[in-house]
Amino acid sequence: MKKFCTILSVFLLPLLLMAQNESKWGIKFGGYVKNDIIYDSRQTVSLRQGHFLLYPKEELLDENGKDINAKPSLTILAIQTRLKGTVTAPDALGAKISGYIEGEFFGNIDANINTFRLRHAFIKLAWPHTELMLGQWWHAMFITECYPLTESFNTGAPFQPFSRNPQVRLTQSIGNLNIIATAMEQVDFVDNGPEGGSSVYLRNAALPELNLTLQYGNEKSSPQTNYLFGIGGDYKRLLPRLVTIKNYKTDHMVNNMAVEAFLKIKIPKMTFAAEGIYGQDFYSLTMLGGYAVKSIPDTSNDLRDYTPINVLSLWADIHSNGEKWQFGLFGGYTKNMGSNDIIERFPPTERQIYYSRGSNIKYIYRVSPRLMYMQGRLKFSAEFEYTAAAYGTPDDKGLVKDSNLVANYRLLLGAYLFF
C-alpha cells in the first residue's frame with residue numbers, strides 16, 4: 001500500500017503543481033466612465049475636438065481687422081472613458097511576473113475620435129532589486145511618481161512631457177535609489193518632418209531614444225510623509241529623409257539631448273511637485289520645439305543640414321490630500337530658446353524651414369486652480385485654466401521677437417464613475 005501511494009504521488013504531483021500554477025493566472029478589470037463639459041473663450045491649438053488643450057491660437061485678422069480666432073467654443077465629450085486589466089501570472093526565471101493592458105475611446109487621431117485605442121500594454125519581471133519592463137508605457141521623461149494632477153487631460157502639457165512609447169525599461173534599486181535605463185521607439189506620439197508627423201524619422205535612424213534617470217525617495221518606507229527627487233538625461237537621433245528631392249540618397253541626421261530635474265514632497269494634508277526641463281526637439285512629447293533646416297550645403301543634390309530648437313519648461317503643482325474634498329493649483333511656463341546655429345532663409349520666399357511646434361511662440365504660461373469632490377465611486381471636478389501664448393517672428397536663430405500675447409480661459413467640469 002505504501003509503495004502504491006508513492007507511485008500514485010509521482011503521477012499526481014505534476015498535475016497538482018500545474019493546477020497550483022494555473023490558479024496564479026488571472027486578470028482583474030477596472031477603469032472608469034468619464035464625461036467632460038468644456039468651455040473655451042477663444043479658438044485653441046488642441047487635439048480631439050478641443051479636448052486636449054495646448055495653447056490659444058494666434059490672432060487671425062479679417063478684412064475689417066477683427067480677430068477671427070476670438071470666438072468661444074463649447075463641447076461635451078465622454079472619450080476619456082477607460083478600461084484597464086491587471087494580469088497576474090506564475091513566477092518565472094526567479095521573478096514575479098505581471099502584465100498590464102489599458103485603453104480608452106480617445107482615438108489616436110482626430111479622424112477616428114470615439115474609437116478604442118491602446119494606451120499601455122506591458123510585461124513586467126520583478127526580482128528583489130531589479131525590474132524589467134517590456135511594452136508600451138509612459139515616456140521616461142514622464143515621471144509617474146511626480147506629475148501634475150490636473151483635471152484637464154493634457155496633464156500639464158505643453159509644460160510637462162506627455163507621450164506613451166513602446167520601450168524596454170530596466171530599473172535597478174539600491175536602497176532608496178532607483179537607476180532607470182530606457183530604450184524607446186514611437187507609435188502615437190511622433191516627431192515632425194518632411195513627411196509630416198511620423199515615427200519613420202526615429203526608426204530610420206536605427207537607434208532608439210535613450211534615457212537614464214536617477215530617482216531617490218522614501219515613499220515605500222513612509223507612505224504618508226515622504227519625498228522624491230531625481231534627475232534624468234535623454235538622447236534622440238532622427239533621420240528626416242532617406243532621399244532628396246533631386247533623388248540622391250542622404251543620411252544627414254539631427255541629434256537632440258535633454259535634461260530634467262524633479263521633486264515631490266508629501267505630508268499628510270498636502271502634496272507639492274515640481275519639474276524643470278531643458279533640451280531639444282520636444283515635439284513628440286507634445287511640447288514646444290522640434291528642429292529646422294540649418295543650411296543646404298549642396299544645393300545641386302539638395303543635401304540638408306539640421307539644427308534642433310532648444311526649449312525651457314518649468315511647472316509646479318500643489319494639492320490637498322482630503323478623502324472627500326481636494327483642491328489643487330497648477331502653474332507652468334515654457335520658453336522657446338532658439339537654436340545654437342543660424343537658420344538659413346531660402347528663396348524664393350526667404351523663409352526658414354521648421355519641423356517644429358510653436359516656432360513663432362516666444363513663451364507660454366498657464367495657471368489653473370481645481371476642485372474635486374469624491375463620494376464612493378463617484379467623483380466630480382471643476383477646473384479653470386488660464387493659458388497665454390506670446391506670438392511673434394523668429395529671428396535668424398529661431399528666437400521669437402516682437403511678440404503679442406493672446407490668452408484663453410477654459411472652464412472644465414468633469415464627472416467620473418469608477419469600477
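The values are calculated or read from the model by the stated rules, or taken from the named source; none is laboratory data. As the structure is a computational prediction, the values presented were derived from the model and not from experiment. Backbone-built Cβ (ideal geometry, glycine too); neighbour counts: all protein chains shown.
Laid out as a table, the results:
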| read-out | value |
| --- | --- |
| Single match in 262, 282, 272 (criterion: in contact with a Phe, Trp or Tyr (Cβ under 7 Å, 6 or more places away or on another chain) and aromatic (Phe, Trp, Tyr)) | 262 |
| Hits in region 169-190 - residues which are among the aliphatic types (A, V, I, L, M), part of a strand (DSSP E or B) and closer than 21 Å to residue 277 by Cβ | 179, 180, 181, 183, 184 |
| Restricting region 360-408 to residues that are in contact with a Lys or Arg (Cβ under 8 Å, 6 or more places away or on another chain) and aromatic (Phe, Trp, Tyr), the residue that is farthest from residue 70 (Cα to Cα) | 373 |
| Matching residues in region 247-262 - criterion: being surrounded by 21 or more Cβ atoms within 10 Å (Cβ to Cβ) and either under 15 Å from residue 210 (Cβ atoms) or among the basic types (Lys, Arg) (or both) | 256, 258, 260 |
| Output for region 191-201, where each listed residue is assigned to a loop (DSSP other than H, G, I, E, B), on the phi < 0 side of the Ramachandran plot and surrounded by fewer than 20 Cβ atoms within 10 Å (Cβ to Cβ) | 194, 195, 197, 199 |
| Region 370-404, residues that are assigned to a strand (DSSP E or B) and more than 23 Å from residue 159 (Cα to Cα) | 373, 374, 375, 378, 379, 380 |
| Scope region 170-208; condition more than 20 Å from the chain's Cα centre (by Cα) and closer than 19 Å to residue 229 by Cβ; matching residues | 172, 173, 174, 175, 176, 177, 178, 179 |
| Residue in region 279-296 that is assigned to a strand (DSSP E or B) and surrounded by fewer than 16 Cβ atoms within 10 Å (Cβ to Cβ) present | no |
| Search result, residues across region 329-356 that are under 18 Å from residue 396 (Cβ atoms) and among the small types (Gly, Ala, Ser) | 338, 339, 356 |
| Considering residues of region 307-328 that are touching a Lys or Arg at 6+ places or on another chain (Cβ under 6 Å) and under 25 Å from residue 397 (Cα atoms) only, the residue surrounded by the most Cβ atoms within 10 Å (Cβ to Cβ) | 307 |
| Test for residue 62: is it surrounded by 14 or more Cβ atoms within 10 Å (Cβ to Cβ) and either modelled with pLDDT of 95 or more or on the phi < 0 side of the Ramachandran plot (or both) | no |
| Residue within region 66-73 that is assigned to a loop (DSSP other than H, G, I, E, B) and β-branched (Val, Ile, Thr) present | yes |
| Top-ranked residue in region 308-363 [being assigned to a loop (DSSP other than H, G, I, E, B) and among the hydrophobic types (A, V, I, L, M, F, W, C); ranked as nearest to residue 154 (Cα to Cα)] | 353 |
| Region 357-382, residues that are among the charged types (D, E, K, R) and either closer than 29 Å to residue 397 by Cα or without any contact (Cβ under 8 Å) to a residue 24 or more places away in the chain (or both) | 357, 362, 366 |
| Residues of region 89-121 classified as at pLDDT 95 or above, among the small types (Gly, Ala, Ser) and under 24 Å from residue 48 (Cβ atoms), total | 2 |
| Pairs, first at negative phi in region 202-217, second part of a loop (DSSP other than H, G, I, E, B) and charged (D, E, K, R), C-beta under 9 Å, six or more apart | 202/185; 203/185; 204/241; 208/185; 209/185; 215/145; 217/145 |
| Count of residues meeting criterion [within 30 Å of residue 90 (Cα to Cα) and either modelled with pLDDT under 95 or of a type in the set (A, V, I, L, M) (or both)] in region 1-52 | 23 |
| The one condition in (1) farther than 19 Å from residue 171 by Cα; (2) modelled with pLDDT of 95 or more; (3) surrounded by 15 or more Cβ atoms within 10 Å (Cβ to Cβ) that residue 188 fails to fulfil | (2) |
| Filtered residues of region 58-106 (kept if in contact with a strand residue (DSSP E or B) (Cβ under 8 Å, 6 or more places away or on another chain) and small (Gly, Ala, Ser)) | 73, 78, 85, 89, 92, 95, 98, 99, 103 |
